[in-house]
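The values are calculated or read from the model by the stated rules, or taken from the named source; none is laboratory data. Nothing here was measured: the structure is a model prediction, and the numbers come from that model. Ideal geometry is used to build each Cβ from the backbone, glycine not excepted, and the neighbour counts take in all protein chains shown. When the accessible area is computed, the model is the full protein with side chains, heavy atoms only, and any ligands, DNA or RNA have been set aside. Shrake-Rupley method; radii C 1.70, N 1.55, O 1.52, S 1.80 Å.
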Amino acid sequence: MQFNDVNFDTYFKNYPNAEGYFGKYGGSYIPPELQKAMNEITEAYFTICKSSKFVSELRRIRKEFQGRPTPVSYLERLSSSLGNVQLYVKREDLNHTGAHKLNHCMGEALLAKYMGKKKVIAETGAGQHGVALATAAAYFGLECDVYMGAVDIKKQAPNVARMKILGANVIEVTDGLATLKEAVDAAFMAYCKEYKDCIYCIGSVVGPHPFPMMVRDFQSVVGIEAREQFLEMTGELPDAVVACVGGGSNAMGLFSGFLNDPVDIYGVEPLGRGKALGDHAASLTYGTEGVMHGFNSIMLKDEKGEPAPVYSVASGLDYPSSGPEHAFLRDLGRVKYDVVDDNETIDAFYTLSRLEGIIPAIESSHAVAYAMKLAKKMEKGSILINLSGRGDKDMDYVIEKFGIRE
């Protein structure tokens, strides 16, 4: 398949390039001393992670510890309520710890072990990445520091408790808006001081090279499984695949399995309270090119050109940029990026719960909401949604803020 002279037959061999660029996006914009640490990780990834020993151990962990492969489920009642389009979900909510995040955390922690590191450092928004990394650290016997904004700590109390039970040190960040961006800032600062003895395990397809590539590759198991499972279930490919996009790891995981197929691909960003700057976190829809946290991508900026304040009802999506590969795929036209707002998201949260017995994460509810709208526009066909996480972490917050829907 060709899109603007990009051959998707050889896409993963060519993107990113050796400097970590997807077209003009990506790269590594960090201090020289920290670049040495990134070069060490890059070299280790291309040697250790490509060895049969590493691959074999990771496959065993995924099967015996994570419970992979996760299933694809047909949403019969939801589909019937919307018309003739058939909806399916890839059940990453059934992955151990309740979200897709463990896919790359086990890979990153296994790499840290092979490199002889003693600690892993991370940021988290919704807490799923923090829980996943705390789980991986416990599994491999590593120390774990998780930086989390004060606002998100309050919203995601169950996940904070899980991290602490697993032995992680949860460090509250009170700077700025005290959400995901500030947590990333704090984690990067800590890593600059400790990089010789630890690895910063970035929670999405963002950050300096090699992390956008590395997290995508570890998450590609989602798309590989989903494509095979959907073909086995239906005898054909879905007409469309849909995933929510904050930083974009769950989306790249699913999309990677279908980039070279005649399938429409949709990334769903959070419109939040509306289009005004500060009321949403839809960077690919409303942002412009810019550098933050060590990579060049599309970001939301304030009047000074700095990362703008952002908002989303989903703690895992309130980030003022997106992964560089998403910016690249947007420019190519291979993936269409669109938005849903908070109200549509919460409606989808309750609809999926009531009709299918699946309580989705608020992040995943963005994808469900968009798929529901898409199904109403399509006269026939099928849609595969990445249900990136379960909603246990969100129930108290949803009930407190929105009440229980009748």
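Of the residues that make up the range 218-228, is at least one touching a strand residue (DSSP E or B) at 6+ places or on another chain (Cβ under 7 Å), farther than 18 Å from LYS13 by Cβ and open to solvent by 10 Å² or more (accessible area, probe 1.4 Å)?
No: zero hits.
Taking the range 1-35 only, how many residues are open to solvent by 50 Å² or more (accessible area, probe 1.4 Å), part of a strand (DSSP E or B) and closer than 28 Å to ALA190 by Cβ?
So the count comes out to 1.
Output the residues belonging to the range 386-400 that are part of a helix (DSSP H, G or I) and in contact (Cβ under 8 Å) with a residue 12 or more places away in the chain.
Matches in the range 386-400: ASP392, LYS393, ASP394, MET395, ASP396, TYR397, VAL398.
Sort out which residues of the range 238-263 are surrounded by fewer than 17 Cβ atoms within 10 Å (Cβ to Cβ) and closer than 22 Å to SER73 by Cβ, and write them in order of number.
ASP261
When you go through LEU317, LEU352 one by one, which is the residue that is surrounded by 20 or more Cβ atoms within 10 Å (Cβ to Cβ), in contact with a strand residue (DSSP E or B) (Cβ under 6 Å, 6 or more places away or on another chain), aliphatic (A, V, I, L, M) and within 26 Å of GLY23 (Cα to Cα)?
Of LEU317, LEU352, the one residue that is surrounded by 20 or more Cβ atoms within 10 Å (Cβ to Cβ), in contact with a strand residue (DSSP E or B) (Cβ under 6 Å, 6 or more places away or on another chain), aliphatic (A, V, I, L, M) and within 26 Å of GLY23 (Cα to Cα) is LEU317.
Has the range 394-403 got any residue that is aromatic (Phe, Trp, Tyr) and open to solvent by less than 30 Å² (accessible area, probe 1.4 Å)?
Within the range 394-403, none of the residues are aromatic (Phe, Trp, Tyr) and open to solvent by less than 30 Å² (accessible area, probe 1.4 Å).
What are the residues in the range 198-232 that are closer than 17 Å to LEU254 by Cα and among the aliphatic types (A, V, I, L, M), if any?
Hits for the range 198-232 are VAL205, VAL206, MET213, MET214, VAL215, VAL221, VAL222, ILE224, ALA226, LEU231.
Any idea how many residues of the range 124-161 are at pLDDT 95 or above, among the charged types (D, E, K, R) and open to solvent by 40 Å² or more (accessible area, probe 1.4 Å)?
The qualifying residues number 1.
Quick one: in the range 266-295, of everything that is assigned to a helix (DSSP H, G or I) and in contact (Cβ under 8 Å) with a residue 40 or more places away in the chain, which residue is farthest from PRO210 (Cα to Cα)?
THR285
Restricting attention to the range 37-68, report how many residues are basic (Lys, Arg) and crowded, with 18+ Cβ neighbours inside 10 Å.
Qualifying residue count, the range 37-68: 2.
Within the range 264-280, can you find the residues that are open to solvent by 10 Å² or more (accessible area, probe 1.4 Å) and either charged (D, E, K, R) or farther than 29 Å from GLU108 by Cβ (or both)?
Answer for the range 264-280, where residues must be open to solvent by 10 Å² or more (accessible area, probe 1.4 Å) and either charged (D, E, K, R) or farther than 29 Å from GLU108 by Cβ (or both): ASP264, LEU271, ARG273, GLY274, LYS275, ALA276, LEU277, GLY278, ASP279.
List every residue pair whose Cβ atoms sit under 7 Å apart, with the two residues 6 or more apart in sequence or on different chains, where the first one lies in the range 357-385 and is within 26 Å of SER204 (Cα to Cα) and open to solvent by less than 10 Å² (accessible area, probe 1.4 Å) and the second, anywhere, is among the polar types (S, T, N, Q) and part of a helix (DSSP H, G or I).
ILE362/THR345; SER365/THR345; HIS366/THR345; ALA369/THR345
Looking at the range 102-123, which of its residues are buried (at least 24 other Cβ atoms within 10 Å of the Cβ) and either closer than 16 Å to ARG59 by Cα or free of Cβ contacts under 8 Å to residues at least 12 places away in the same chain (or both)?
Matches in the range 102-123: LEU102, ASN103, HIS104, CYS105, MET106, GLY107, GLU108, ALA109.
Can you tell me which residues in the range 299-314 are in a loop (DSSP other than H, G, I, E, B) and open to solvent by 10 Å² or more (accessible area, probe 1.4 Å)?
ASP302, GLU303, LYS304, GLY305, GLU306, PRO309, VAL310, TYR311 - these are the residues of the range 299-314 that are in a loop (DSSP other than H, G, I, E, B) and open to solvent by 10 Å² or more (accessible area, probe 1.4 Å).
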